[in-house]
Amino acid sequence: MNQARERVAVLGAGSWGTALAMVLADNGHEVRLWGHKSEQIEEINTKHTNQQYLPEIVLPEEIKGYTSLHEALQNLEIVILAVPTKAIRDVLKKVAKEITHPILIVHVSKGIEPDSLLRISEMIEEEMPAHLLKDIVVLSGPSHAEEVSLRHPTTVTVSSKNMKAAEKIQDLFMNGNFRVYTNPDLIGVEIGGALKNIIALAAGITDGLGYGDNAKAALITRGLAEIARLGTAMGANPLTFSGLTGIGDLIVTCTSVHSRNWRAGNMLGKGHKLEEVLQNMGMVVEGVRTTKAAYQLAKKYKVKMPITEALYNVLFNGEDVKAAVDSLMSRMKKSEMEDLVNILVDKQES
């Protein structure tokens with residue numbers, strides 16, 4: 001059962017921010033959708049559409065668009081952060097200047113910051129003054145904005161250091177079409193959500209090369225083991241990766257034409273250059289940036305991540321796509337159970 005009506009600001013009027021604003025409006029909340037493009041916000045307010053990101057979708061009239069961050073943040077306590085990872089610090093700096101009381105931030109982006117190697121929740125903690133930050137909740141899981149906006153059944157996960165805050169957000173979003181579970185493993189939820197984009201890029205590449213479903217199934221399976229290895233080394237619960245933010249997110253992102261990471265990889269597999277792919281996508285491909293961060297994390301934690309390493313060499317070192325994939329498929333044979341055993345042993349020893 002949903003909680004009382006809340007005022008909520010959704011920062012980021014892209015496809016995901018808009019779809020989540022629709023869920024909140026359906027639940028009877030006052031929703032303020034902020035974006036920096038005046039033409040887009042005017043369209044949202046007058047035509048109740050967002051054609052660039054969700055074509056043919058009619059938005060609830062209860063969603064009000066704002067270009068003024070100051071106005072969007074007035075007299076509320078819940079902020080949904082739905083901007084690309086690279087924009088998070090800049091947006092949070094602006095948020096901190098506009099509020100005078102603690103807010104609960106729900107981040108719904110999926111990525112890791114290169115070089116600093118921080119998860120998004122850690123970036124929020126760095127940028128928001130402690131007296132202005134009530135709690136941080138992450139919402140993640142297998143969820144395409146296009147299907148959420150059509151009110152198709154969707155299931156996601158929320159996590160936080162404060163599980164009462166996670167439960168509050170569970171109630172905020174939960175309805176008959178949008179089911180929300182809780183998971184106390186904040187690290188695992190963030191790592192699973194971020195790293196699946198790397199595997200989706202690789203899956204798109206194998207499809208672009210015409211290698212078929214068998215190769216993609218192997219890639220997804222080995223990719224899950226790779227994610228679990230790194231996540232566990234960082235302190236996550238390995239069981240998290242068998243859930244919605246692990247295998248669930250991997251399946252939907254690696255197999256759907258809605259996935260921008262899969263589409264980007266597919267274009268790379270067909271011979272397009274990275275710069276051309278990113279220019280043609282029209283939306284941020286988080287997997288590219290996350291590949292660099294995951295490659296750096298693998299070095300830091302001394303974790304073997306062959307798929308990530310191969311993709312890193314393709315994206316940043318100019319390695320031939322086909323040669324990289326073929327090299328992956330011909331790696332030295334090993335026992336399939338070796339990864340699982342090592343993960344469980346490492347977890348028990350930590």
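The values are calculated or read from the model by the stated rules, or taken from the named source; none is laboratory data. Quantities reported herein were computed from a predicted structural model and do not represent experimental measurements. We place every Cβ from the backbone using ideal geometry, glycine too, and count neighbours over all the protein chains shown.
Does region 227-244 include one or more residues that are of a type in the set (Lys, Arg), over 30 Å from GLU276 (Cα atoms) and outside the structural domain of VAL321 (by TED's automatic domain parsing)?
Step one: list which residues in region 227-244 are of a type in the set (Lys, Arg), which gives 229.
Checking which are over 30 Å from GLU276 (Cα atoms) leaves us with 229.
Keeping just the survivors that are outside the structural domain of VAL321 (by TED's automatic domain parsing) gives none.
No, there is no match, as no residue in region 227-244 is of a type in the set (Lys, Arg), over 30 Å from GLU276 (Cα atoms) and outside the structural domain of VAL321 (by TED's automatic domain parsing).
Looking at region 48-67, which of its residues are among the hydroxyl-bearing types (Ser, Thr, Tyr) and either within 23 Å of LEU139 (Cβ to Cβ) or without any contact (Cβ under 8 Å) to a residue 24 or more places away in the chain (or both)? So that I can check it myself, show each step before the final result.
Here is the first cut: in region 48-67, the ones among the hydroxyl-bearing types (Ser, Thr, Tyr) are 49, 53, 66-67.
Answer for region 48-67, where residues must be among the hydroxyl-bearing types (Ser, Thr, Tyr) and either within 23 Å of LEU139 (Cβ to Cβ) or without any contact (Cβ under 8 Å) to a residue 24 or more places away in the chain (or both): THR49, TYR53, TYR66.
Might you let me know whether region 25-41 holds any residue that is outside the structural domain of MET283 (by TED's automatic domain parsing) and free of Cβ contacts under 8 Å to residues at least 12 places away in the same chain? Full working, then the answer.
The initial filter retains those residues of region 25-41 that are outside the structural domain of MET283 (by TED's automatic domain parsing), namely 25-41.
Next, only the ones that are free of Cβ contacts under 8 Å to residues at least 12 places away in the same chain stay: 39.
Within region 25-41, one or more residues are outside the structural domain of MET283 (by TED's automatic domain parsing) and free of Cβ contacts under 8 Å to residues at least 12 places away in the same chain.
Which of the strands (runs of 3 or more DSSP E) found entirely inside region 61-149 contain at least 3 residues meeting this: under 27 Å from ARG289 (Cα atoms), in contact with a strand residue (DSSP E or B) (Cβ under 8 Å, 6 or more places away or on another chain) and at pLDDT 95 or above? Write out each step before concluding.
Numbers: elements: 63-66, 78-81, 103-107, 133-140.
Those strands (runs of 3 or more DSSP E) span 78-81, 103-107, 133-140.
Might you check whether a residue that is part of a loop (DSSP other than H, G, I, E, B), touching a Gly at 6+ places or on another chain (Cβ under 9 Å), farther than 25 Å from MET128 by Cα and in contact (Cβ under 8 Å) with a residue 40 or more places away in the chain occurs anywhere in region 2-20?
yes
Condition test on GLU71, is it among the acidic types (Asp, Glu) and closer than 22 Å to PHE178 by Cα?
Working: among the acidic types (Asp, Glu): yes; closer than 22 Å to PHE178 by Cα: no.
No: the conditions fail for GLU71.
Looking at region 24-60, which of the residues that are among the hydrophobic types (A, V, I, L, M, F, W, C) and in a strand (DSSP E or B) is farthest from the chain's Cα centre (by Cα)? Quick ask: steps written out before the conclusion?
Looking only at region 24-60, we keep the residues that are among the hydrophobic types (A, V, I, L, M, F, W, C), and these are 24-25, 31, 33-34, 41, 44, 54, 57-59.
Checking which are in a strand (DSSP E or B) leaves us with 31, 33-34, 54.
Working: VAL31: 21, LEU33: 19, TRP34: 19, LEU54: 18 Å.
Across region 24-60, the extreme among qualifying residues is VAL31.
Does VAL23 satisfy the criteria of being touching a Leu at 6+ places or on another chain (Cβ under 7 Å), crowded, with 22+ Cβ neighbours inside 10 Å and not acidic (Asp, Glu)? Working first, answer last.
Details: touching a Leu at 6+ places or on another chain (Cβ under 7 Å): no; crowded, with 22+ Cβ neighbours inside 10 Å: yes; not acidic (Asp, Glu): yes.
Here the answer is no, as VAL23 does not meet what is asked.
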